[in-house]
Amino acid sequence: MAGIREIWFFAHNIIRSSRQMINEGLKPLNLSSAEGNILLHLLTREEGPWQEEIVEQLDVSKPAVSRALESLERKGYVTREKDPVDRRASRVFLTAKARKIAAPVEQVYNEVFSVAAEGISEAEIRDFIGLFGRVSENFTAARARISGRQTGGCC
């Protein structure tokens, strides 16, 4: 049976390689992978999420998301609107300029997926996504249990 060493090595290689490919692909658009990840996430949303939701959903630190959003704002790709009730909270919206580059941004990510899927059948991809989803759920549940213990929460 494969152990953590193999899994860790492969997972690290996948993350590192895909990040490098995304950075290269986004370079002509003057975007980093961090900015591209946020844009791609926003493109899948119906309405502008709260900045805190982006932090949680992408599992990226608040300072990293804030820096990327500041850069995207300077470049004209997003706007942030303060909540009228809670001035600390902001919603993030794509601009028309961002929607114009949606197709090339998505193409970069699709190319990375194409490389990953080379020589792998549709059935294997579906199985992998299902398995990967279950592993992700296991980690989410474990983090919730650990967080509950650390904060003194129940169960």
(request) Could you please let me know if E35 is charged (D, E, K, R) and surrounded by 12 or more Cβ atoms within 10 Å (Cβ to Cβ)? (result) yes
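Can you pull out every residue in region 38-55 that is surrounded by 13 or more Cβ atoms within 10 Å (Cβ to Cβ) and over 15 Å from Q107 (Cβ atoms)?
Step one: of region 38-55, the residues surrounded by 13 or more Cβ atoms within 10 Å (Cβ to Cβ) are 38-43, 45, 48-55.
Passing the criteria: I38, H41, L42, R45, G48, P49, W50, Q51, E52, E53, I54, V55.
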(request) Give the residues of region 43-73 that are within 16 Å of K100 (Cα to Cα) and at pLDDT 95 or above, sorted by residue number. (result) L72, E73
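I'd like to check which helices (runs of 4 or more DSSP H) are fully inside region 1-60 and have at least 3 residues that are touching a Ser or Thr at 6+ places or on another chain (Cβ under 7 Å). Break it down stepwise before answering.
Details: elements: 4-26, 33-43, 51-58.
Filter on region 1-60 gives 4-26.
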(request) Scan region 67-88 for residues that are in a helix (DSSP H, G or I) and surrounded by 16 or more Cβ atoms within 10 Å (Cβ to Cβ) and report the count. (result) 4
(request) Give just the number: which of (1) modelled with pLDDT of 95 or more; (2) over 28 Å from E137 (Cβ atoms) does E81 not satisfy? (result) (1)
(message) If I filter region 89-109 for residues that are open to solvent by 70 Å² or more (accessible area, probe 1.4 Å), farther than 21 Å from K27 by Cβ, of a type outside the set (G, A, S) and free of Cβ contacts under 8 Å to residues at least 24 places away in the same chain, do I get at least one hit?
(response) no
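Within region 7-22, how many residues are open to solvent by 60 Å² or more (accessible area, probe 1.4 Å) and either under 15 Å from A102 (Cβ atoms) or of a type outside the set (K, R) (or both)? Explain how you work it out, then say what you get.
Just the residues of region 7-22 that are open to solvent by 60 Å² or more (accessible area, probe 1.4 Å), to begin with: 7-10, 12, 14-16, 19-21.
Narrowing the set further to residues that are either under 15 Å from A102 (Cβ atoms) or of a type outside the set (K, R) (or both) leaves 7-10, 12, 14-15, 20-21.
The qualifying residues number 9.
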(request) Would you mind finding the one in V92, V108, V115 that is among the aliphatic types (A, V, I, L, M) and outside any helix (DSSP H, G or I)? (result) V92
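Would you say I125 is over 16 Å from the mean Cα position of the chain (by Cα), in a loop (DSSP other than H, G, I, E, B), at negative phi and surrounded by 11 or more Cβ atoms within 10 Å (Cβ to Cβ)? Steps first, answer last, please.
Details: over 16 Å from the mean Cα position of the chain (by Cα): yes; in a loop (DSSP other than H, G, I, E, B): no; at negative phi: yes; surrounded by 11 or more Cβ atoms within 10 Å (Cβ to Cβ): yes.
No; evaluated as a whole, the condition is false for this residue.
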(request) Output the number of the condition that A117 fails; it satisfies all remaining conditions of (1) more than 18 Å from the chain's Cα centre (by Cα); (2) open to solvent by 30 Å² or more (accessible area, probe 1.4 Å); (3) under 25 Å from V135 (Cα atoms). (result) (2)
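The values are calculated or read from the model by the stated rules, or taken from the named source; none is laboratory data. All of these numbers come straight from a predicted model, not from anything done at the bench. Neighbour counts are summed over all protein chains in view; Cβ atoms, including those assigned to glycine, are modelled from backbone coordinates with ideal geometry. The protein model used for the area step is the full one, side chains on, heavy atoms only, and it has no ligands, DNA or RNA in it. Shrake-Rupley method; radii C 1.70, N 1.55, O 1.52, S 1.80 Å.
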